Amino acid sequence: MGAIGGPLLELSGVRAAYDGITVLHGVDLTVDAGQVVALLGPNGAGKTTTLNVAAGVHPPSAGRLNLGGRDVSGARAGDLARSGVCLIPEGRGVFPNLSVRDNLWMMTFTGRTREEIEDAAYARFPVLGDRRTQAAGTLSGGEQQMLALARGLTTDPAVLLLDELSMGLAPLVVADLYERVADIAREGVAVLIVEQFAAAVLKIADHAAVLARGRIPWQGPPDRSLHAELSSYYLGSAP
Ligand code: ATP
């Protein structure tokens with residue numbers, strides 16, 4: 001899918017509110033096929049809201065959401081999911097009381113067989129194969145994220161939205177997970193990653209955007225100037 005040469009995911013002038021209080025004040029962001037974009041910013045900046053707008057979970061109050069060049073503003077989450085948008089929310093989207101295998105088998109609604117789903121998951125994340133009968137809630141945090149990713153990938157997404165993948169995980173585990181995410185992007189998926197703490201994701205990001213108080217004051221390549229921007233927004237010295 002997608003317009004040839006254009007961004008796969010595009011938010012332009014997106015505003016969003018809760019109970020009449022605006023928390024996004026005009027967000028412009030694009031993600032191309034195969035690109036990893038990191039959306040960084042302090043607590044409460046509006047990162048999760050931005051992802052939720054992109055996934056159709058939260059409606060924008062103004063602005064446009066384009067998918068593959070098509071205006072999908074106002075489309076519901078289910079419709080966007082069927083169009084290839086996959087959101088992995090913060091806190092790992094797995095069912096803790098079900099086994100790894102049962103978590104994967106639930107994805108047969110995608111039209112794939114249980115065997116196909118398991119084979120793909122275990123090929124990408126071999127450790128899940130070793131733990132197929134284990135309750136998902138007893139997996140390590142990193143393994144739970146792998147399971148959430150494996151479930152999401154079953155839908156064959158064009159756009160992958162990841163919210164705080166690193167939450168509560170050791171740095172080495174995070175680095176490993178992000179390597180897998182980079183592989184997914186190399187397969188042509190447009191990846192938008194929200195992170196509060198930048199270091200881990202910047203190793204794989206092609207582009208970074210800083211979100212502060214519902215606006216994007218800076219975006220560009222993840223280089224030195226980004227670090228200067230980030231410290232000003234995290235430490236509160238920015239206007
Ligand atoms: P964090 O890193 O702390 O999760 P964030 O950058 O993801 O923050 P959001 O979760 O998008 O930020 O929140 C942006 C603003 O919207 C915050 O002020 C938050 O309190 C508010 N907000 C988020 N969800 C709701 C909600 N369901 N109802 C009311 N206000 C909300």
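Coordinate-derived values only; no laboratory data. Here the structure is a predicted model, which is why all the values come from computation and not from measurement. Cβ sites come from the backbone with ideal geometry, for glycine too, and all protein chains shown count toward neighbours.
Using only the alpha-carbon atoms, how far is helix 171-186 inclined from the longest principal axis of the chain? Give it as 0 to 90 degrees, nearest 10. Rounded to the nearest ten degrees, it is 90.
When only Cα pairs below 8 angstrom with a gap of at least 6 residues are kept, the chain shows a relative contact order of 28 percent. Each Lys or Arg adds one and each Asp or Glu subtracts one; over the other residues with Cβ under 13 Å from the Cβ of residue 196, this totals -3. Adding -39500 (n - 2.57) for every DSSP H run of four residues or longer, then dividing by how many residues the chain holds, sets the calculated 222 nm ellipticity at -9500 deg cm²/dmol.
Taking K and R as +1 and D and E as -1, what net charge do the other residues with C-beta under 9 Å from the C-beta of residue 101 add up to? For residues surrounding residue 101, the net value is 0.
Note on the chain: the alpha carbon radius of gyration divided by the globular reference 2.2 N^0.38 Å gives 0.99. The order of the peptides 108-117, 26-35, 50-59, 222-231 by mean Cβ neighbours within 10 Å, most packed first, is 50-59, 26-35, 222-231, 108-117. Around residue 112, under 13 Å between beta carbons, what's the net of Lys plus Arg minus Asp minus Glu among the other residues? Computed value for this residue: -3.
Look at the alpha carbon pairs under 8 Å that are at least 6 residues apart: their mean separation over the length of the stretch 95-156 gives a relative contact order of 46 percent. In the frame of its principal axes, the stretch 88-194 has Cα extents of 29, 29, 21 Å, reported largest first.
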